[in-house]
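Since the structure comes first, as structure tokens, the remarks are kept for the end.
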Amino acid sequence: MPIYSSASDVVLDDIFLQLPDFITGVETFLKLEAFNPAGSLKLKTAVGLVDNVLSAGVLTRPHGRLIESSSGNLGIALSVVAAERCFPLTIVTDLKANRQAIQAMEALGTEVVVIDQCDQNGGHLQCRINYIQQALERDPQLIWLNQYANLANPHAHRDRTARNIHAELGDIDVLVVGIGSTGTLMGCSEYFARHSRRTRIIAVDVEGSVIFGGPPASRHIPGIGSSRSPEIFTDSDAFDKVLVTESDTIAMCRHMARKHGLLIGGSTGSALTALQQLADSIAPGSRVAVISPDLGDRYLDSIYSDNWIESRYGDMFAETSGSSLV
Ligand SMILES: Cc1ncc(COP(=O)(O)O)c(C=O)c1O
């Protein structure tokens, strides 16, 4: 039995759940990323970002302070890393972040700033970044980790997430990845292009996100999508691009909970929706991995709440929300 020396070392990168008959004749594996002290795949991103500023000598004691923008999961993960390494941390988030995520960050000793203004694309990201830029001007000791532009983000997933998928499952036929900062996608694309060219990568985003160049619209599910294209994102034919709706994502999450006993997070619902929509293009006998960045406990007040769905989607969701939605 492994014994770890710090909380952020407890990353279980080899846990897969097989979903028999998710697509008939195709082996589908969910890579479950939630089983670590931060509860999501972003613990690997957080460790990569902090190690990067430490090894570059940018973050030093006793004055070094960290700041980052996050819709929730990276904020919790950075809070774990900052607490164990004794660095003060400020997380800039927005009204879409769930209450428990903010409480978890604060319990870990993080200062949380909640931005309530929208940017021109109906999201909050540019306003969060504007806040950070003003804070950096005021405080020269402050270090912005910047998951959207820092190559330590994709490198963490190239060197850990992708490598472990390949080590456990070999040259899979398809890998499905939901995107936010695009660190997971960029890292996995780089790794599989080098080590298993036959693996088809499917990048999944939600309607209203601008990362693939589509028109902005309001979105309600945290973790997936962005109102601003991240600097680390390079569009290419190394991956297929699929846009799904939030309503299909919610229906998939609720279906997985009630039919498979698995409370998945929002981006996992989006990834599984995309896979289902592409089922006809996947040959029988294929092996498919789907990255599941977190679990549904973070979405009990949103995706799994009938009241939340009704207040956000109203009639649009009337036929599929409520207890009839399975
Ligand atoms: C639940 C969830 N899914 C997917 C992602 C997207 O990962 P990435 O930022 O590496 O694109 C995130 C990012 O925060 C997330 O929290």
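No lab work stands behind these numbers, since they all come straight from the coordinates. Every value quoted in this text rests on a predicted model; they were computed, and no experiment measured them. Every residue, glycine among them, receives a Cβ derived from its backbone with ideal geometry; neighbour counts consider all protein chains shown.
Each DSSP beta bridge with both residues in the chain is either parallel or antiparallel, and the antiparallel ones are about 15%.
The mean of 1/r over all distinct Cα pairs in the chain, once inverted, gives the Kirkwood hydrodynamic radius of 20.0 Å. The label point for Glu84 and the one for Glu168, both projected 7 Å from the Cα toward the Cβ, are 1.9 nm apart. Charge tally for Ser40 (other residues, Cβ to Cβ under 10 Å; Lys, Arg +1; Asp, Glu -1): +1. Compute the whole-percent fraction of alpha carbon pairs in the range 163-210 spaced more than 15 Å apart. Here the tail beyond 15 Å accounts for 42 percent of pairs. Seen from a random direction on average, the alpha-carbon convex hull of the range 42-144 projects onto 6.3 square nanometres. A Förster distance of 35 Å, applied to the separation of the beta-carbon atoms of Gln120 and Glu310, puts the FRET efficiency at 0.80.
In plain terms, the bigger the Kirkwood radius, the slower the diffusion; for the range 191-326, with that radius from Cα pairs, at 10 °C and 1.306 mPa s, Stokes-Einstein puts D at 99 µm²/s.
Treating each Cα of the range 128-284 as an identical point scatterer and summing with the Debye formula, the log10 of I(q)/I(0) at q = 0.08, 0.15, 0.20 Å⁻¹ comes to -0.26, -0.86, -1.33.
How much length, in nm to one decimal, is gained on full extension between Ser5 and Gln18, taken as 0.36 nm per residue of separation minus their Cα-Cα distance?
Net length gain for the segment: 1.6 nm.
Counting pairwise Cα distances across the range 1-102, what percent come out greater than 18 angstrom?
Values: 2883 of 5151 pairs.
Roughly 56 percent, rounded to a whole number.
A simple spin-label model places the labels of Glu207 and Arg258 2.2 nm from each other, with each point 7 Å out along Cα-to-Cβ. For the range 166-241, trypsin sites (Lys or Arg not before Pro) meeting the loop criterion (DSSP other than H, G, I, E, B) and having at most 14 other Cβ atoms within 10 Å: Arg197, Arg198. Taking the longest Cα principal axis of the chain as reference, the axis of helix 183-195 is set at about 70 degrees. A straight line joining the Cα centroids of the range 192-250 and the range 269-289 runs 16 Å. With the simple spin-label model, which puts each label point 7 Å out from Cα in the Cβ direction, the Gln134 to Val58 separation comes to 2.3 nm.
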